[in-house]
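Input: a single structure, listed below in structure tokens.
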Amino acid sequence: MSKTIEKGLHLLNLFTEEKPAWRLEEISSYTNIPKATVLRLLHSFMEYGYIQRATVERNGELVEDAIYTLGIKFLQLGELVANNMEIRHIALPYMKMLQLNFSEAVQLVERSGHSGVYIEKVESKSPVRLYTRVGRSAPLYAGACTRILLTFLPDEEIEEVLKNPMEVYASNTPRTKEEVWRHIRQTRRDGFAYSASELVEGTVSIAVPIFNRKGAVEFSISIAGFEASLPKDNLPQYIESLWKVASQISGKIGFSGPYPYGPHLIKNNGKEME
């Protein structure tokens with residue numbers, strides 16, 4: 001490991017519940033790292049929000065003291081990790097139920113920047129399995145389980161994502177921004193995303209959104225398999241089950257509103273799904 005990284009991690013590990021604040025001299029003395037080096041590390045961590053200087057009252061004014069504490073970035077990262085652990089724990093029983101009912105792979109995906117990351121998966125019962133795994137990432141513009149995360153972003157954020165070049169993965173990978181926008185408009189109207197041969201040739205994915213306590217879509221849940229085992233004739237059945245599960249998961253992670261999609265959309269849009 002790089003000596004600088006090692007020193008930085010050693011420094012961060014000093015901050016505990018028992019001693020959450022440190023002075024420069026204390027850090028140097030405790031770690032045996034020269035003050036100048038400690039100061040450089042602290043300034044680097046402060047630049048990215050990992051360390052901050054404590055605010056104290058002095059002569060009736062609030063000022064920054066030469067006392068260092070962990071920064072807001074750790075709060076943000078901690079919330080992200082907690083959400084990940086929570087959503088996986090909550091979603092897994094529902095994912096297993098979907099797999100039991102349909103014998104296909106069920107996937108839970110989270111948005112991370114311009115990609116979607118698979119954070120949980122229940123394998124299909126088939127001996128031939130999809131090439132997806134927990135930790136794998138995929139672009140937001142291709143594949144139902146990731147594109148549905150793109151769909152519910154504000155339009156200006158979508159435009160930002162679509163500025164980047166689009167890599168072609170399979171025969172039906174969207175190749176233009178206009179093509180992706182057509183998918184997005186239909187998904188917003190229908191409440192689900194469908195893809196065939198977009199990320200891997202011969203595979204199908206059907207995905208629906210999961211809403212968090214703020215009403216934003218951070219996660220998606222999908223049923224995925226090979227085209228032969230997921231015929232379009234069964235699409236309404238898959239979608240209704242996914243909506244029901246996504247509604248329950250959304251409620252358990254704090255979404256208070258009614259889930260915005262339901263069976264009436266399938267009846268109204270049946271012809272478009274054929």
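The values are calculated or read from the model by the stated rules, or taken from the named source; none is laboratory data. Only a predicted model underlies this, so the values are computations on that prediction, with no experimental measurement involved. Heads up, the Cβs are rebuilt from the backbone with ideal geometry, glycines too, and the neighbour counts pull from every protein chain shown. For the accessible areas, the whole protein counts, side chains as well, though only heavy atoms, and no ligand, DNA or RNA atoms are used. Shrake-Rupley method; radii C 1.70, N 1.55, O 1.52, S 1.80 Å.
Applying the condition of being under 18 Å from the mean Cα position of the chain (by Cα) and touching a residue at least 12 places away in the same chain (Cβ under 8 Å) to the stretch 249-262 and asking which residue is surrounded by the most Cβ atoms within 10 Å (Cβ to Cβ) yields SER250. In the stretch 229-240, the qualifying residues are those that are in a helix (DSSP H, G or I) and open to solvent by less than 40 Å² (accessible area, probe 1.4 Å), and the one that is modelled with the lowest pLDDT is LEU235. On the basis of being under 21 Å from TYR141 (Cα atoms) and under 23 Å from the mean Cα position of the chain (by Cα), does ARG175 make the cut? Against the criterion (under 21 Å from TYR141 (Cα atoms) and under 23 Å from the mean Cα position of the chain (by Cα)), ARG175 does not qualify.
Filtering the stretch 182-210 to residues that are within 18 Å of the chain's Cα centre (by Cα) and part of a strand (DSSP E or B) leaves ALA193, SER205, ILE206, ALA207, VAL208, PRO209, ILE210. Would the stretch 46-56 turn up any residue that is touching a strand residue (DSSP E or B) at 6+ places or on another chain (Cβ under 9 Å), modelled with pLDDT of 90 or more, among the aromatic types (Phe, Trp, Tyr) and farther than 30 Å from ILE253 by Cα? No.
Figure legend. Inter-residue proximity from the stretch 5-34: first residues more than 21 Å from THR55 (Cβ to Cβ) and modelled with pLDDT of 90 or more, second residues open to solvent by 60 Å² or more (accessible area, probe 1.4 Å) and part of a helix (DSSP H, G or I), beta-carbon distance below 7 Å, spacing 6+ or different chains. Indicated pairs: SER28/LYS35; THR31/HIS10; ILE33/LYS7. One residue stands out among those in the stretch 213-228 that are assigned to a loop (DSSP other than H, G, I, E, B) and modelled with pLDDT under 90: the one that is nearest to GLU179 (Cα to Cα), which is LYS214. Applying the criterion of being at pLDDT 90 or above and β-branched (Val, Ile, Thr) to the residues of the stretch 105-153, the residue that is surrounded by the most Cβ atoms within 10 Å (Cβ to Cβ) is ILE148.
Taking residues in the stretch 105-122 that are among the aromatic types (Phe, Trp, Tyr), and partners anywhere that are buried (at least 19 other Cβ atoms within 10 Å of the Cβ) and part of a strand (DSSP E or B), the pairs with Cβ atoms closer than 7 Å and at least 6 places apart or on different chains are TYR118/GLN107; TYR118/VAL109. Within the stretch 232-242, the presence of a residue that is among the basic types (Lys, Arg), without any contact (Cβ under 8 Å) to a residue 40 or more places away in the chain and more than 15 Å from ARG147 (Cα to Cα) is excluded. The sole residue among ALA193, ALA216 that is aliphatic (A, V, I, L, M) and open to solvent by 10 Å² or more (accessible area, probe 1.4 Å) is ALA216.
Has the stretch 241-254 got at least one residue that is at pLDDT 90 or above and not in a helix (DSSP H, G or I)? No, the stretch 241-254 has no match at all. GLU178 meets the stated requirement of being of a type in the set (Asp, Glu) and either in contact with a Pro (Cβ under 7 Å, 6 or more places away or on another chain) or open to solvent by 50 Å² or more (accessible area, probe 1.4 Å) (or both).
Per-residue answers, yes or no, for (1) in contact with a strand residue (DSSP E or B) (Cβ under 8 Å, 6 or more places away or on another chain); (2) of a type in the set (A, V, I, L, M):
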residue	(1), (2)
GLY191	yes, no
GLY202	yes, no
ILE206	yes, yes
PHE219	yes, no
LYS232	no, no
GLN237	no, no
VAL245	yes, yes
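A single member of LEU42, LEU14, LEU9 is open to solvent by less than 30 Å² (accessible area, probe 1.4 Å) and assigned to a helix (DSSP H, G or I), and it is LEU42.
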